[in-house]
Amino acid sequence: MEDMGQGGNVYTAPDGNGYMPQGGNISLSKADEVRAARKHFSSLGLRFLAGTLLIFAVQTLAMEIGSRVAPELMRDMNYYLLVTMLPMYFIAIPILVLLVKRLPSQTPERRRMKPGHFVLSVIMAFALMYVANFIGTFITTFIGIIKGGEVQNTIAGVVTEANQLTIFFIMVVCAPIVEELVFRKLVVDRTVRYGQGTAVVLSGLMFGLFHGNLNQFMYATALGMLLAFLYAKTGNLKITIAIHMLINLMGSIVSLQVLKLVDLEALMTMDSSDMQAVLKYFSENMAGLMVYMLYMFCVFGVMITGFVLVIVFAAKGRFACEKGSVCIPRGKRFRTVILNLGMVLYFLFWIVMIIKQLIA
């Protein structure tokens, strides 16, 4: 986290969080500034931890009530999703928002994004997601080999078992809006004062950990950092919501529909020496295979294009993060931002959840 953009040489009067009260103009020492920042990040972490525990409590209660009232329906993935996710979105998350909103904030300056830049951002977002997902899948597969059993990917089971209408409502509509509000709006607004780099990295890490499994942690963190960067630069949450919706639409709806067109399991287990069976399979699945190949061609095209764009943009300094109005001295940033009570507890909680998923 040494690349977190920090800056500014105006130090504000102490208000418990290192912010300037109305009309304040009293200077803080560097030590006071760091202590105030550390307290602020700790408070942010504790509030997110409290919100996380509330989410678990609400979902557990909802599942318990659902199991008692309609146990047969709880075996249906659509009903299960609605019972567990809706209380989180409409009860726990609003309380989390209220808790975090009590902390002082600074909204990034609103800037217009050109349509062409939006398209390039979407391509880079897909590329980061695909590459990070590949890395995450490789790591979990390797861990599965070591432990002698497959690492369970719960999200894959949810997507394949629930109907498309439920998935669309939960993952394409609700999830992007709620997650962008919580992990971009709330986190970035309360950390961008310490530099856009700090806000971007912390938003991505907190978002990735929140998914609670290694399968999603890698790509959620990478995607979260890009979305946080875009929000910090534009101050427009609608942009990140739109990109998030497109990502979830492709990952949970379009890709699944394409896979349904071909029976890949039958193809992989087929006896290649049985030419009659092979020819029969291809004749029955030719249209689906062509669509699948076109889809994969587009995926790889987007991956390569997006990866090249990321490299070119980075080389040109297009990902440079602006300094904040509050300076955390170099060498003290990681300790101040992460190694505080609230953030340590939040990180530890989710790391334990991820480890449990890996060894389950």
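Condition (residue is closer than 23 Å to Met88 by Cα and outside any helix (DSSP H, G or I)) applied to segment 160-177: is it met by at least one residue? Within segment 160-177, one or more residues are closer than 23 Å to Met88 by Cα and outside any helix (DSSP H, G or I).
Take the residues in segment 338-357 that are over 19 Å from the mean Cα position of the chain (by Cα) and buried (at least 18 other Cβ atoms within 10 Å of the Cβ), then tell me which one is nearest to Asn215 (Cα to Cα). Selected residue: Gly342.
Under the condition of being within 30 Å of Phe319 (Cα to Cα) and not in a helix (DSSP H, G or I), the residues counted in segment 127-159 number 0.
Whether any residue in segment 147-155 is in contact with a Gly (Cβ under 8 Å, 6 or more places away or on another chain) and open to solvent by 60 Å² or more (accessible area, probe 1.4 Å) is what I want to check. For segment 147-155, residues in contact with a Gly (Cβ under 8 Å, 6 or more places away or on another chain) and open to solvent by 60 Å² or more (accessible area, probe 1.4 Å): present. Considering segment 83-117 alone, what residues qualify as being over 17 Å from Asp189 (Cα atoms), part of a loop (DSSP other than H, G, I, E, B) and open to solvent by less than 80 Å² (accessible area, probe 1.4 Å)? The one that is over 17 Å from Asp189 (Cα atoms), part of a loop (DSSP other than H, G, I, E, B) and open to solvent by less than 80 Å² (accessible area, probe 1.4 Å): Met113. When segment 213-251 is filtered for residues that are surrounded by 21 or more Cβ atoms within 10 Å (Cβ to Cβ) and outside any helix (DSSP H, G or I), only Asn213 remains.
If the requirement is being in contact with a Lys or Arg (Cβ under 6 Å, 6 or more places away or on another chain) and under 30 Å from Phe56 (Cα atoms), which of these qualifies: Tyr219, Tyr231? Just one listed residue meets the conditions, Tyr231. Among the residues here, Thr191 does not qualify as touching a residue at least 12 places away in the same chain (Cβ under 8 Å), among the polar types (S, T, N, Q), surrounded by fewer than 22 Cβ atoms within 10 Å (Cβ to Cβ) and touching a Leu at 6+ places or on another chain (Cβ under 7 Å). On inspection, Ser67 fails the criterion of being open to solvent by 30 Å² or more (accessible area, probe 1.4 Å), polar (S, T, N, Q) and in contact with an Asp or Glu (Cβ under 7 Å, 6 or more places away or on another chain). For Ser43, the conditions (1) modelled with pLDDT under 95; (2) open to solvent by less than 50 Å² (accessible area, probe 1.4 Å); (3) closer than 30 Å to Ile351 by Cα all hold with the exception of (1). Here is the figure for segment 118-146: residues that are under 19 Å from Met296 (Cβ atoms) and surrounded by fewer than 15 Cβ atoms within 10 Å (Cβ to Cβ) total 3. From the list Ala232, Ala222, the one residue that fits, being under 30 Å from Val344 (Cβ atoms), small (Gly, Ala, Ser), more than 12 Å from the chain's Cα centre (by Cα) and modelled with pLDDT of 90 or more, is Ala232. One residue alone among Val299, Val262 is touching a residue at least 40 places away in the same chain (Cβ under 8 Å) and either of a type in the set (Gly, Ala, Ser) or open to solvent by less than 30 Å² (accessible area, probe 1.4 Å) (or both), and that residue is Val299. With the structure loaded, tell me whether Met124 is farther than 20 Å from Gly212 by Cα, of a type outside the set (D, E, K, R), touching a residue at least 60 places away in the same chain (Cβ under 8 Å) and part of a loop (DSSP other than H, G, I, E, B) or whether it fails that test. No, not satisfied.
Out of all the residues in segment 237-255, is one or more closer than 30 Å to Glu284 by Cβ and without any contact (Cβ under 8 Å) to a residue 60 or more places away in the chain? Yes, segment 237-255 contains a residue that is closer than 30 Å to Glu284 by Cβ and without any contact (Cβ under 8 Å) to a residue 60 or more places away in the chain. Among residues of segment 29-49 that are under 12 Å from Leu103 (Cβ atoms), those with a beta-carbon under 9 Å from a residue that is aromatic (Phe, Trp, Tyr) and at pLDDT below 95 at least six positions away or on a different chain give the pairs His40/Tyr19. Take the conditions within 21 Å of the chain's Cα centre (by Cα) and at pLDDT 90 or above and apply them to Ile55. Does it pass? Answer is yes for this residue. For segment 302-337, the set of residues classified as closer than 20 Å to Leu205 by Cα, open to solvent by less than 50 Å² (accessible area, probe 1.4 Å) and not aliphatic (A, V, I, L, M) consists of Cys321, Gly324, Arg333, Thr336, listed by residue number. Taking every residue in segment 328-343 that is closer than 12 Å to Leu44 by Cα and pairing it with any residue that is at pLDDT below 90 and open to solvent by 30 Å² or more (accessible area, probe 1.4 Å), at least 6 positions away or on another chain, the pairs with Cβ-Cβ distances below 9 Å are Val337/Met1; Ile338/Met1.
With respect to the conditions (1) in contact with a Leu (Cβ under 9 Å, 6 or more places away or on another chain); (2) at pLDDT 95 or above; (3) more than 19 Å from Val100 (Cα to Cα), Val173 falls short on a single one, namely (1).
The values are calculated or read from the model by the stated rules, or taken from the named source; none is laboratory data. A quick note: this is a predicted structure, and the numbers were derived from the prediction, not measured. All Cβ positions, glycine included, derive from the backbone under ideal geometry; neighbour counts span all protein chains shown. When the accessible area is computed, the model is the full protein with side chains, heavy atoms only, and any ligands, DNA or RNA have been set aside. Shrake-Rupley method; radii C 1.70, N 1.55, O 1.52, S 1.80 Å.
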